[in-house]
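The values are calculated or read from the model by the stated rules, or taken from the named source; none is laboratory data. This is a predicted model, so every value here is computed, not measured. Because the Cβ atoms are built from the backbone with ideal geometry, glycine has one as well, and the counts that use them run over all protein chains shown. For the accessible areas, the whole protein counts, side chains as well, though only heavy atoms, and no ligand, DNA or RNA atoms are used. Shrake-Rupley method; radii C 1.70, N 1.55, O 1.52, S 1.80 Å.
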Amino acid sequence: MAGSALRRLMAEYKQLTLNPPEGIIAGPINEENFFEWEALITGPEGTCFEGGVFPAKLVFPPDYPLSPPKMQFTCEMFHPNIYSDGRVCISILHAPGDDPMGYESSAERWSPVQSVEKILLSVISMLAEPNDESGANVDAAKMWRENREEFDRIAEKIVRRTLGIPT
Amino acid sequence: MPVISVDRLPLPNLKAYSCVSVLALSACVYYAIQAIKEPNWNTMSDTGRRATPNDFERYNPGYNGTEADARTVGQFVSDIFTVMIREPVCVWTMINMAFCWLILLGRAVQKLVFGELRVSEHQQLRDKFWNFVFYKFIFVFGIINVQYIDEVLLWCSWFSLLGFLHLLSQLSKDRFEYLSFSPRTPFWSHVKLMALLATIFALSGFMFVVSIFVGFFGGFNTFAFMSAEVILLSIRTLHIIIRYALHLYDIRNEASAPLNSAEESKVWEKRGPISYYAELCFDLTALLIDLVHHLHMLLWSNIFLSMASLVVCMQLRYTGYLFHEIQRKYKKHRNYLWVRNHLEQNYPMATGKELQENSDNCAICWEKMDSARKLPCLHLFHNTCLLSWLEQDTSCPTCRLVLDIQNPSSANMESPELQNDPQENVRRPFNHFFHFDGSRYVSWLPSFSVEVSHVQAIRQNHIAASNSQLDAMARQVQTLFPHIPLSTAVEDLRSTRSVELTVENVLEGRLTAPVIFRETEREPSTNHRPMSVLQGDVEPAGAARNWDEFSTENVECEDTASLGSRFSKSSSEREKILQKRKEHLVHQARRRYIEKQRASTRTELQS
Ligand SMILES: [Zn+2]
Ligand SMILES: [Zn+2]
């Protein structure tokens, strides 16, 4: 039922526009397709991603909010919980039925009570505190554990790129 | 034996085709005119009817009068027609002309109702078209086993008409689904689409009457074969119409207006079950009719032993698929009934007082609640919202309290079969390989094999599309246009699935790099190996660099107040504001970053 999904998305868009959380902007790129949004997320302060503005794409299913949207960063990312093609792997985005990692409790997974705002806030906290057990990007997880200095350097480079500052 | 790949088959363009058709027809008419100039043309034809004295009289030059002239024109036309009917070449030309008319009509409808077709619609249309052509081809020659050219012609014209309506209905469905993704569709396009759907429905009703009429004379089998597809067409069309109406009802107030009366909210509550049952009924009926139709074909084809085994296999496979689908629908419906009964028996509706105390909206749809069901954890939801959630998960959406809804009759309700449903669709075979040995049926038919690449433009399919393949294609695009980021190219390729089409999109400006990142993604294929690019010989972050070179004032700082706290009613204005807000955020972040770097270099220099 795309109709009720549309109503809910419109309500969320309105709320995100009128009371935007600090450092988050999200909305449909082109209202011809209201089920595809772009979000900008500011890197959390005090972390290696501080200062960056990361663009991501959100694609909603027609039965939203019964099923979670899919989220993919459209800029380059290097993070233990983000696949190299930008897809984000966090429990809030997993439908209750599937459990790719096999250890998540259902309490952390998707429920229709969640919203775009909550997803983006979870992604920000994921940027601050990676879960290095999930193997979305094994190289990043390894580096995060063993060579934090190098990890910070790469993150710094990514931050500059998102701001359009030559590295 | 030649193998034709339909996708690469060069089809002539419409203009050339219609010109040739018109020319051919005029040549035939010219021939006919020449032929009837002979005073006794009627007697000269060998198979023709006997010339009546009346005919001679009419072409008698001595005959005159205005009334006679008018009659002569009518007679003239019908004479030409008689001549043309007798000449096989002319008959084929006329049939060709009829096809041409049909195509032109389709094109006109497309221009009028749909405007420019989207790439996925194009693909879907082409795919459906070839599917229909081949299945019906096999049907006509393989199953009905027609021997006479007249019969072939009749069946072909019946199916072309039917196929035409099928394609239009499919196109309307695609377009409806597309329009339902947008809140700003103009009212007028809804009206046009609805009118087209209603016309298709009316025409299919008319065709059903025709098939009854023909079946009356031609026997039950003919009737069943003719009407099966017609019934399917009308059921599908009606389903789309009902879905469309429900959708229009859903969005009627652009999601902003709350439901204003209790009565209206009652209707709102009811629309959930209505759409559920409509979907169930229509899907089941369509599947059942399809199944019966296929079983009928199988039985019929066993009588005629000339059937190619391949056709039987294909039919069997499809019948199995239909059967499986029906079973799945049935299981799903049992689950639905179970959950609904469980809800009604175990969880009471909230009382008016409770509703008043709870000022929140329904947490699932974010709409106001005038009636609600209460879970043991005291959380309230709309009845329909809760039902559709509990169908797939058995916990409270808010607090995750696990509810004791385990359907005992089908303990495997949460089986992967149900969950992976979309995946299953995606994995269905994409290529049809048709092998047709025509000479088996009628001596004048050729033998050939045809491969149709079966591109299903389902949404899930797009997401599940093999990423490595897309990556490779995107890199191909990037070698031509280095300024297009890989992600943008991949995204476009997801819908076009062809490097050429994406390149065309870039050239015609439909695909551009996102504004803010245009300068940043210079290196191609950064997505592919982020490690090597990132770890390259980079100066360490924070190295001495002249931060004063960077201008921070290149932004005309918009009045943020005008951007922030406003949610425009017009969609284009909303888009504009969103774009401005995004740019503003990036510029702010950039300035803050540069200022911070400046400050830190200064403190470093001082110390
Ligand atoms: Zn609700
Ligand atoms: Zn609860």
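Taking a ≥ b ≥ c as the square roots of the eigenvalues of the Cα gyration tensor of region A:10-167, is the shape rounded (a/c under 1.5), prolate (a/b larger than b/c) or oblate? Don't skip to the end; give the middle numbers.
Details: a/c = 2.01, a/b = 1.24, b/c = 1.62.
Oblate shape, in that a/c is at least 1.5 and b/c is the bigger or equal ratio.
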Once all protein chains are kept in place, B:F201 shows an accessible area at probe 1.4 Å, nearest 10 Å², of 80
Taking 7 Å along the Cα-to-C-beta vector as the label spot, tell me the A:I29-A:E150 distance in nanometres, rounded to one decimal. 3.3
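In what sequence, largest accessible area first, do B:F76, B:F381, B:F323 appear using a 1.4 Å probe?
B:F323, B:F76, B:F381
If R0 is 60 Å, what FRET efficiency do you get for B:L23 and B:K596 from their C-beta distance, rounded to 0.05? Don't skip to the end; give the middle numbers.
On the way: r = 75 Å, r/R0 = 1.26.
FRET efficiency, B:L23 to B:K596: 0.20.
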Quick one: which of A:K14/A:K57; A:K14/B:K192; A:K14/B:K368; A:K14/B:K576; A:K14/A:K118; A:K70/A:K118 span more than 21 angstrom between C-alpha atoms? A:K14/B:K192
Provide the FRET efficiency to the nearest 0.05 for the B:N358-B:T199 pair, computing r from the beta carbons and using R0 = 35 Å. 0.15
In this structure, the FRET efficiency calculated for B:I103 and B:H324 from their beta-carbon separation, with R0 = 51 Å, to the nearest 0.05, is 0.90
Rounded to a whole number, the mean other protein chain Cβ count within 10 angstrom for residues of A:25-35 is 6
Length added when fully stretched, B:Q476-B:E279, from 0.36 nm per residue minus Cα-Cα: 66.6 nm
May I ask you to list the residues of region B:351-375 whose amide nitrogen lies under 20 Å from a point 7 Å from Cα along the Cα→beta-carbon direction of B:F567? B:359-370
Is any helix in chain A, taking whole DSSP H runs, at least 20 angstrom long along its axis by alpha carbon and on average at least -1.0 on the Kyte-Doolittle scale, and which ones? A:2-18, A:148-163
Setting aside same-chain residues fewer than 8 positions from B:K596, which lysines have a Cα under 19 Å from its Cα? A:K157
